[in-house]
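K.L.:
For reference, the structure I am asking about is given below.
The values are calculated or read from the model by the stated rules, or taken from the named source; none is laboratory data. Everything numeric in this text was worked out from a predicted model, so none of it was measured. Don't worry about glycine lacking a Cβ; one is built from the backbone with ideal geometry, like all the others, and counts go over all protein chains shown.
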Amino acid sequence: MTKTISRIILAVFLVLIPVSLLALSVDEAGRSTTDDEGVYLGPVRTPVKKGETESKGGVQFETPLEDLRQPVEKGRELDGRDEKKPSYELELKDAKKEKGPFEKEEKPRIVLKAEPGDSLVTLSWTMVGLPRLAADEKLRFTVFYGTESGRYDKKFEVGTSADHKLRELKNNQVYFIKIQGYTRDNALTLLSSEERVIPRAEEELGSPLEQAFSRKNLTLLDKIEADPFKRELRQFGYDFFKNSLMTGVPVENMPVGEEYVLGPGDSLRIDLWGSVNARHELTVDRNGEITIPRVGSVKVWGLSYGQAREAISRAVSRYFKGYELNVTLGKLRTIQVYVVGEVEAPGTYAVSSLGTVVNALSQAGGASRNGTLRSIRLMRGGKLVQEIDLYDMFLAGDRSRDLRLQNGDTIFVPVIGPVAAVAGEVKRPAIYELKGNTSLQQILQMAGGITAAGYEGRLQVERFEGNASRIVVDYQLQGGAGGPSTQEIRDRDMVKVFPVNKALRQVVTLQGHVVRPGEYQFRQGMRLIDVLPDYTALLPESYVESVEITRLSLPDFHKEILSANLRKALAGDGTENILLHEQDKIAVFSKSEKEEKRTVSISGQVLKPGTYDYYPNMAVRDLVLLAGSPKSNAYLQSAELTRIQYEKGDARATRIEINLRKALDGDRDNNVTLQPDDVLIVRGVVNWLEANDRFVALKGEVKYPGIYSIAKGEHLSSVIARAGGFTDKAYLKGAKFTRKSVREEQQKRMDEIIARTEQDILRKQGELASLAASREELEATKAALEGLQKNLEKLKGVKAQGRVVIRLAQLGEFTGGPYDLELMGGDAIEVPQTSSVVNVLGSVFNPTSFVLMPEKDVSFYLKKAGGPLSDADENEMYVIKADGSVISKQQSSFGIRWDDDGKRWTFGGFLASRLDPGDTLVVPEKLERVAWLRTIKDITTIISQVALTAGTVFIGLK
């Protein structure tokens, strides 16, 4: 089916295409090719049958991915992307243009807010101007994002939610994000503006304090949107063990105090010098003794390090005199302890004899998030030795209860106890474990206290009431019964500390055309000149006749606009020196914003004609110099100054003749002082031609081809005669004449038609499901539209040639005739050699070129090509003449046709028409008369007309 559609498109393309324009080179075809395959263009929402979904990456796509992807040639790369991944370009159908039930004065839109995080982006969006929907209808949303503006590689369906987090993003990578909202029946489709966001590592984003100080100041006059309350909290204290494993230092390398108790396995190094010199490395044996050579055994088990040194010294003194002794600890013994309960890795651990409860817990990965940090038990011999509250260490640095372990000790971590959360404007928001009765004041202290940005007028506690419901309770930070110091916190409570109003208070704001804009402290009795004391506070060209003061008026804080004359206020006028109120916003404007811009204009033969700002005492010479200078063809003896004069409510134009040469020399009579709206016209020398309007090009079969200069009013026959006339090989019927002005106009029309046709194709893509009667027809239509889209992209890279159909003849006959055109700069004429072939294209058995046979007609060459195929449309056959004109069968439907070349009527019909060298016979293919193909035919015809204008045909369709 796809092949059939392609053949249909090819046949329609060949309609109206002159054979002389078929010379599109391979290089040109390559330059006109784009790489947009694999990119879906048009509305993303495409209705599918109920139940037909496709999943990718855990996200349900209501539209099959195949419907969002154009076929890509195997192995081909698309701008560095994986060809298997679709890319999306979104097109919004304006609901207002539909003139349907959704038409409103305010256009519906989605306002998107994107906040970067560490490898993620937090999205939230709101609807503006949304029309009333049915009770059972809700907008559904899709998030599109990618790394290139306007092209989105990924999408997520988020349902009716108005927020979403994009995770697993690359830090420091730019992402472009857009939200699409739609109803189930696609009656309303909206798009947000595109947001650019860069995820960054947590350390690059800055701390909450750093972010708070970087925010823009707001006043009550600004649009203030409350930030969503952040409830993402972590359990306090558990990260300690994770960090301990990563940065832990072996305990055996730590220094040992005098109180260390020796036991079997400890190593002692004894150094003796003086009357005896010796060094001994001794290990305490299982009996708790060390054996010193020539001294004997010394029992050290149970002795502290300091006591052991004294015992060793006494033992040595019994055998030696006059010596010095030093005892140091070497390798320490290891002990075995048990870590059980709610820990990450419970089990038996060998720890140093210096190890404490915290050391052993760190080796086991610490307490799991389901284990307590406040009631960790140290068991020895089946009895409780110590209960450790790690919050003492985390919050106050107190390690007094972190006892050293002994061999066989057991560390037991029970299940976590009651917990409560503190969120909002506190210094350390987190989830805290409770122990005993804890008041609201105490848990706020655990969270580091309320920040300066926290609102103390209301603290809110979310609470589960009786395992049956969830309630909220509000408190104020005040003493007495029921205050924070007495209010008890319960299990699973959440304390919320709200921020103060973001708006600055006791402030007035200065903005606009001033030296130091910003916020100023408001004081009672403050007036306008207290903020703007003199002209040095203003930028140059400030408009002092009126400043604008925006004020919030009581009791409902509605906005009011006041104005004051700053010039009079600075001069001492008390009525203009307005008394200011808190939150007033003073706006100072520039003269260009408040005054009509006064201009003067210059046109004609100057380098930069146009409109220029008017300044007092500006003269003719000043204006000419602003415009560069007069051109070489400027007529300086006379210029015209047009001036508008106002008399009794009537405007009248007057004209002043001046000698421009004298004006440029400074002559007072001619260097006239200008007035606003004056227009100076600099005339040009008669019969002058610009450099780029003086030359034309002759190519091909003329005796002396090349570039020729022309005089104003010179005709084509004159230049051909100067070139020596035509050669004997010249084929005058195939001459090609191009003109720059025609090319520019053709290009303008081409661009307009391409833009309009592209919109038509996009609209048809969105209407496929409603137009097609079957799935096969849907697929065929889609393939056809995709082919049209590709060729339209090719046309965008092709430029118009500006060809004008012309019929040359020998100079005696041609001179003075209707085709003897007056030449213009940039014209070009190319006279080819006589061609020896004719072409047959389209729906024939052998579309090719044939050697020209004298006096042979259409039927002869059609027969040579094997005749028409079964699907050929013989009634639509036509011949494209070498000069670009067309003869169709419709013109000779009764067997009679006028022959322009022979200036006579011919008989025998279209098939009897004689073909000349370079002519092309085109046999189109029939189109099926179904609704969707008729639409495609209309679009294809438009595209083929554009190709005709550009002088291009696409041969590469398959």
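K.L.:
Any residue at all in segment 643-662 that's within 41 Å of the chain's Cα centre (by Cα) and either of a type outside the set (D, E, K, R) or over 19 Å from residue 677 (Cα atoms) (or both)?
P.N.:
Scanning segment 643-662 turns up no residue that is within 41 Å of the chain's Cα centre (by Cα) and either of a type outside the set (D, E, K, R) or over 19 Å from residue 677 (Cα atoms) (or both).
K.L.:
A further question follows. Looking only at residues in segment 105-129 that are farther than 28 Å from residue 207 by Cα and free of Cβ contacts under 8 Å to residues at least 40 places away in the same chain, which one is surrounded by the fewest Cβ atoms within 10 Å (Cβ to Cβ)?
P.N.:
If we take residues in segment 105-129 being farther than 28 Å from residue 207 by Cα and free of Cβ contacts under 8 Å to residues at least 40 places away in the same chain, then 105 is surrounded by the fewest Cβ atoms within 10 Å (Cβ to Cβ).
K.L.:
Collect the residues in segment 490-531 that are polar (S, T, N, Q) and farther than 25 Å from residue 457 by Cβ, keeping them in residue-number order.
P.N.:
509, 511
K.L.:
Residues that are under 50 Å from the mean Cα position of the chain (by Cα): find the strands (runs of 3 or more DSSP E) completely inside segment 341-430 holding 2 or more of those.
P.N.:
Passing ranges, in order: 419-424.
K.L.:
Another question, then. Among the residues of segment 588-645, count how many are in a helix (DSSP H, G or I) and not hydrophobic (A, V, I, L, M, F, W, C).
P.N.:
6
K.L.:
Continuing with this model, one more query. Scan segment 657-670 for residues that are surrounded by 17 or more Cβ atoms within 10 Å (Cβ to Cβ) and under 11 Å from residue 641 (Cβ atoms) and report the count.
P.N.:
The qualifying residues number 4.
K.L.:
Right, here's the next one. Pick from segment 654-685 the residues that are assigned to a strand (DSSP E or B) and touching a residue at least 40 places away in the same chain (Cβ under 8 Å): which of them is farthest from residue 598 (Cα to Cα)?
P.N.:
If we take residues in segment 654-685 being assigned to a strand (DSSP E or B) and touching a residue at least 40 places away in the same chain (Cβ under 8 Å), then 684 is farthest from residue 598 (Cα to Cα).
K.L.:
Just checking, does segment 493-506 include any residue being more than 41 Å from the chain's Cα centre (by Cα) and either surrounded by 14 or more Cβ atoms within 10 Å (Cβ to Cβ) or within 30 Å of residue 436 (Cβ to Cβ) (or both)?
P.N.:
Yes, the conditions are met somewhere in segment 493-506.
K.L.:
Go through 331, 299 for me and flag whichever is within 27 Å of residue 268 (Cβ to Cβ), in contact with a helix residue (DSSP H, G or I) (Cβ under 8 Å, 6 or more places away or on another chain) and touching a residue at least 24 places away in the same chain (Cβ under 8 Å).
P.N.:
331 is the lone residue from the list that is within 27 Å of residue 268 (Cβ to Cβ), in contact with a helix residue (DSSP H, G or I) (Cβ under 8 Å, 6 or more places away or on another chain) and touching a residue at least 24 places away in the same chain (Cβ under 8 Å).
K.L.:
Which residues, counting only those in segment 190-227, are part of a strand (DSSP E or B), out of contact with any Ser or Thr (no Cβ under 8 Å at 6 or more places or on another chain) and over 20 Å from residue 498 (Cβ atoms)?
P.N.:
Within segment 190-227, 190, 191, 192, 195, 197 qualify.
K.L.:
Can you find a residue in segment 636-648 that is surrounded by 15 or more Cβ atoms within 10 Å (Cβ to Cβ) and among the acidic types (Asp, Glu)?
P.N.:
Within segment 636-648, one or more residues are surrounded by 15 or more Cβ atoms within 10 Å (Cβ to Cβ) and among the acidic types (Asp, Glu).
K.L.:
In this structure, is residue 452 in a strand (DSSP E or B), small (Gly, Ala, Ser) and closer than 28 Å to residue 503 by Cα?
P.N.:
no
K.L.:
Give all pairs with beta carbons closer than 8 Å in which a residue from segment 850-875 that is under 19 Å from residue 909 (Cα atoms) and modelled with pLDDT of 85 or more meets a residue that is among the charged types (D, E, K, R) and part of a helix (DSSP H, G or I); count only pairs at least 6 apart in sequence or on separate chains.
P.N.:
These pairs meet every condition: 868/874.
K.L.:
So, of the residues in segment 876-912 that are in a loop (DSSP other than H, G, I, E, B) and within 60 Å of the chain's Cα centre (by Cα), which turns out to be modelled with the lowest pLDDT?
P.N.:
Taking the candidates together, the pick is 893.
K.L.:
Right, something else. Given the options 360, 447, 350, name the one that is surrounded by fewer than 16 Cβ atoms within 10 Å (Cβ to Cβ) and aliphatic (A, V, I, L, M).
P.N.:
350
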